[in-house]
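Asker: Take this structure, written in structure tokens, and hold onto it; I'll ask about it next.
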Amino acid sequence: MKNALSVDLECWYSPELLIKYLPETFKCQAIEANNKLLELLNKYNTKVTFFVLGNIAENNPDYIKMLHEEGHEICSHSYTHDTLHRLGKNQFEEELKKSTNLIKSITHEQPLGFRAPTFSVDQSTSWVFELLKKYGYKYDSSIFPFKTGLYGVPKAQLAPYKPNVEDISKHDPEGDIIEFPMTVIRIWKNIPIAGGFYLRALPLWFLNSAISQVNKTRPAIIYIHPWETFKETPRLKVPPHIKFQTYYGINSSLSKLESLLKNFKFAPIREVLNL
């Protein structure tokens, strides 16, 4: 079965957990970090979906054009990395509009997919689906069927579905936007295996087993941030629990991802969803 692989192209300081610990000056490093990841993808001739922050696209249009010309799917990760909760509907619409127009000006294509910063689509931000339809989007990949302190819709569907705006955990056959939720495996409760921290923290044998199990009924989706695979990512002085969530496993994540590329088939989301 073909699975989806996605990259959230953002800076190392984008995570919500780091906001109040940032130094006065810092360098983004998104492109340098992504180049290492790109080498690995090229080695296995794997095309993926890049969810690109608008401010990175604006500052690096030639780089985004190169990714597109190499066959990767370019989609929106909003313009800044503010959550939908902080932005509110009106301000988010401005960010989405700006991000969409930037991507279209670079790729000369309508972006089909969107991923909210920090997976910030839940019932309180269900207005996002109306706006995605308005700006020409076909799918979203922001719902996590697992609850944390930052995000999650624990009762959401596990396979791609069309959310009902009255209850986004339920399928609406008449819905306009396809949701490709983050992959979890059901073991008494939902266990996330979709990537990011979970890719870094979980043992490789478990990830291989879990994806194989998921593939019996549906495609999996893996997400990664370039800074999570980059050994030169700056380490801030933060409380131990934030240090663990943010930096654990960075030095080994690229080799772990390579093992998954060897064992499973991956493609851009649009291809997995047949769009």
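Asker: Restricting attention to segment 197-225, report how many residues are assigned to a strand (DSSP E or B) and over 19 Å from N251 (Cα atoms).
Answerer: 1
Asker: Suppose the filter is among the β-branched types (V, I, T), modelled with pLDDT of 95 or more and at negative phi; does I211 pass it?
Answerer: Considered against the rule, which asks whether it is among the β-branched types (V, I, T), modelled with pLDDT of 95 or more and at negative phi, I211 comes out as yes.
Asker: Next question, about the same structure. Go over the candidates F114, F92 one by one and state the one that is hydrophobic (A, V, I, L, M, F, W, C), within 23 Å of P160 (Cα to Cα) and surrounded by 21 or more Cβ atoms within 10 Å (Cβ to Cβ).
Answerer: F114
Asker: Where residues in segment 28-83 are small (G, A, S) and assigned to a helix (DSSP H, G or I), which of them is nearest to T233 (Cα to Cα)?
Answerer: This residue is A33.
Asker: Among the residues of segment 238-275, write down those that are of a type in the set (G, A, S), farther than 25 Å from T148 by Cα and in contact with a helix residue (DSSP H, G or I) (Cβ under 8 Å, 6 or more places away or on another chain).
Answerer: The initial filter retains those residues of segment 238-275 that are of a type in the set (G, A, S), namely 249, 252-253, 255, 259, 267.
Next cut, farther than 25 Å from T148 by Cα only: 255, 259, 267.
Of everything in segment 238-275, just one residue is of a type in the set (G, A, S), farther than 25 Å from T148 by Cα and in contact with a helix residue (DSSP H, G or I) (Cβ under 8 Å, 6 or more places away or on another chain), namely S259.
Asker: Same structure, new question: Taking A194 and the conditions (1) closer than 30 Å to V128 by Cα; (2) at pLDDT 95 or above; (3) among the small types (G, A, S), which numbered condition does it fall short on, given that it satisfies the others?
Answerer: (2)
Asker: What number goes with the only condition from (1) surrounded by 14 or more Cβ atoms within 10 Å (Cβ to Cβ); (2) part of a loop (DSSP other than H, G, I, E, B); (3) not polar (S, T, N, Q) that E228 does not pass?
Answerer: (2)
So that you can scan it fast, the table gives a plain yes or no per residue for (1) within 23 Å of N274 (Cβ to Cβ); (2) in a helix (DSSP H, G or I):
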{"position": "F92", "(1), (2)": "no, yes"}
{"position": "V121", "(1), (2)": "yes, no"}
{"position": "G136", "(1), (2)": "yes, no"}
{"position": "F146", "(1), (2)": "no, no"}
{"position": "G175", "(1), (2)": "yes, no"}
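Asker: Out of the residues in segment 20-37 that are closer than 17 Å to H77 by Cβ and more than 15 Å from the chain's Cα centre (by Cα), state the one that is modelled with the lowest pLDDT.
Answerer: C28
Asker: Something else about it: In segment 214-249, how many are of a type in the set (A, V, I, L, M), at pLDDT below 80 and within 20 Å of A194 (Cα to Cα)?
Answerer: First, pick out the residues of segment 214-249 that are of a type in the set (A, V, I, L, M): 214, 220-222, 224, 236, 238, 242.
Retained after the next criterion (residues that are at pLDDT below 80): 236, 238, 242.
Still in the list and also within 20 Å of A194 (Cα to Cα): 242.
Counting residues in segment 214-249 that are of a type in the set (A, V, I, L, M), at pLDDT below 80 and within 20 Å of A194 (Cα to Cα) gives 1.
Asker: Of the residues K104, K170, only one is more than 18 Å from H77 (Cβ to Cβ) and either over 17 Å from the mean Cα position of the chain (by Cα) or part of a loop (DSSP other than H, G, I, E, B) (or both); which?
Answerer: Exactly one residue qualifies, and that residue is K170.
Asker: With respect to S14, determine if the residue is modelled with pLDDT under 95 and among the polar types (S, T, N, Q).
Answerer: Against the criterion (modelled with pLDDT under 95 and among the polar types (S, T, N, Q)), S14 qualifies.
Asker: If we scan segment 198-217, do we find a residue that is within 25 Å of A30 (Cβ to Cβ), in contact with a strand residue (DSSP E or B) (Cβ under 7 Å, 6 or more places away or on another chain) and without any contact (Cβ under 8 Å) to a residue 40 or more places away in the chain?
Answerer: yes
Asker: Looking for whichever is touching a helix residue (DSSP H, G or I) at 6+ places or on another chain (Cβ under 9 Å) and hydroxyl-bearing (S, T, Y) here; the options are Y161, Y151. Which one fits?
Answerer: Of the residues listed, the single one that is touching a helix residue (DSSP H, G or I) at 6+ places or on another chain (Cβ under 9 Å) and hydroxyl-bearing (S, T, Y) is Y151.
The values are calculated or read from the model by the stated rules, or taken from the named source; none is laboratory data. Quick caveat: nothing in here was measured; it's all calculated off a predicted structure. Heads up, the Cβs are rebuilt from the backbone with ideal geometry, glycines too, and the neighbour counts pull from every protein chain shown.
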